[in-house]
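Data first, discussion second: the structure below is written as structure tokens.
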């Protein structure tokens, strides 16, 4: 059995670490480079960096911040925000990213997934999905809708159908960002995560809602996720990365140990 992963997410806006609740009320809370190094030294498995306004501002990602983070951490670095072409993905790889996350641009032009997978390899292409709960309908049989541009634009695309298409087109991993749970610290969206984890054969990273160690355990077991992404609970100093990994190991989950 492969080890399950603990991943920290750095949402960055104008070069500063930012945090929101349900994708709104975004506040700057610190230096992303400093936090990245802190988490790396404390045993983090992987780091995800999102330039959260690149797509909505229609600009390229901030390569200087990516390079600064890559110089401080020596674990897999996954980067997203404003990736619209293979050229963008290549620039990020040269800046130090191991994986690239495609989101809004892939929804608008799905061939982007195929092109990136062919160019840099399936294992390095992550489909990040921002998802909002809705009412099941003919258009949304799963009851969950894909939303783009940082949660601003609904699409009427069914989340389950998009996850399956993303896998077919060559994505090597999925990030399931629950807008309803984002920043609430009341737990992951277990129904959504389990549904997608069961449907696809590629790893699923659960994102949105972590507030205490039990939430991580729940999403890695009942939610069937391969990795749990955390933000608020470590950014605000409520828990340390090492404390969370100790907790999960003590509950019998297989985690990479760095102590």
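Within the range 222-242, can one find any residue that is outside any loop (DSSP other than H, G, I, E, B), surrounded by fewer than 17 Cβ atoms within 10 Å (Cβ to Cβ) and either on the phi < 0 side of the Ramachandran plot or out of contact with any helix residue (DSSP H, G or I) (no Cβ under 6 Å at 6 or more places or on another chain) (or both)? Looking through the range 222-242, none of the residues is outside any loop (DSSP other than H, G, I, E, B), surrounded by fewer than 17 Cβ atoms within 10 Å (Cβ to Cβ) and either on the phi < 0 side of the Ramachandran plot or out of contact with any helix residue (DSSP H, G or I) (no Cβ under 6 Å at 6 or more places or on another chain) (or both). Is it the case, given these coordinates, that residue 216 is assigned to a helix (DSSP H, G or I), surrounded by 19 or more Cβ atoms within 10 Å (Cβ to Cβ) and in contact with a strand residue (DSSP E or B) (Cβ under 6 Å, 6 or more places away or on another chain)? So residue 216 passes the test.
Scanning the range 154-174 for any residue that is over 22 Å from residue 111 (Cα atoms), over 15 Å from the mean Cα position of the chain (by Cα) and surrounded by fewer than 19 Cβ atoms within 10 Å (Cβ to Cβ) turns up nothing. Tell me yes or no: at least one residue of the range 73-96 is crowded, with 19+ Cβ neighbours inside 10 Å, in contact (Cβ under 8 Å) with a residue 40 or more places away in the chain, in contact with a helix residue (DSSP H, G or I) (Cβ under 7 Å, 6 or more places away or on another chain) and under 29 Å from residue 39 (Cα atoms). Checking the range 73-96: not a single residue is crowded, with 19+ Cβ neighbours inside 10 Å, in contact (Cβ under 8 Å) with a residue 40 or more places away in the chain, in contact with a helix residue (DSSP H, G or I) (Cβ under 7 Å, 6 or more places away or on another chain) and under 29 Å from residue 39 (Cα atoms).
Quick test for you: out of 187, 151, pick the one residue that is outside any strand (DSSP E or B), surrounded by 18 or more Cβ atoms within 10 Å (Cβ to Cβ) and at pLDDT below 95. Before the answer, list the steps.
Values: 187 fails: at pLDDT below 95.
Being outside any strand (DSSP E or B), surrounded by 18 or more Cβ atoms within 10 Å (Cβ to Cβ) and at pLDDT below 95 holds for just one of 187, 151, which is 151.
Residue pairs whose Cβ atoms lie under 7 Å apart, sitting 6 or more positions apart in sequence or on different chains, and linking a residue in the range 148-177 that is at negative phi and free of Cβ contacts under 8 Å to residues at least 12 places away in the same chain to a partner that is assigned to a loop (DSSP other than H, G, I, E, B) and crowded, with 20+ Cβ neighbours inside 10 Å, do not occur here. The residue that is modelled with the lowest pLDDT, counting only those in the range 243-259 that are over 21 Å from residue 49 (Cβ atoms) and in contact with a helix residue (DSSP H, G or I) (Cβ under 8 Å, 6 or more places away or on another chain), is 259. Of all the criteria given as (1) under 18 Å from the mean Cα position of the chain (by Cα); (2) under 21 Å from residue 40 (Cβ atoms), the one not satisfied by residue 237 is (1). Determine, yes or no, whether residue 175 is modelled with pLDDT of 95 or more and part of a strand (DSSP E or B). Taking the combined requirement at face value, the residue satisfies it.
The values are calculated or read from the model by the stated rules, or taken from the named source; none is laboratory data. Quick caveat, the model's predicted, so the values are computed rather than measured. No Cβ is skipped: glycine too gets one built from the backbone with ideal geometry, and neighbour counts run over all protein chains shown.
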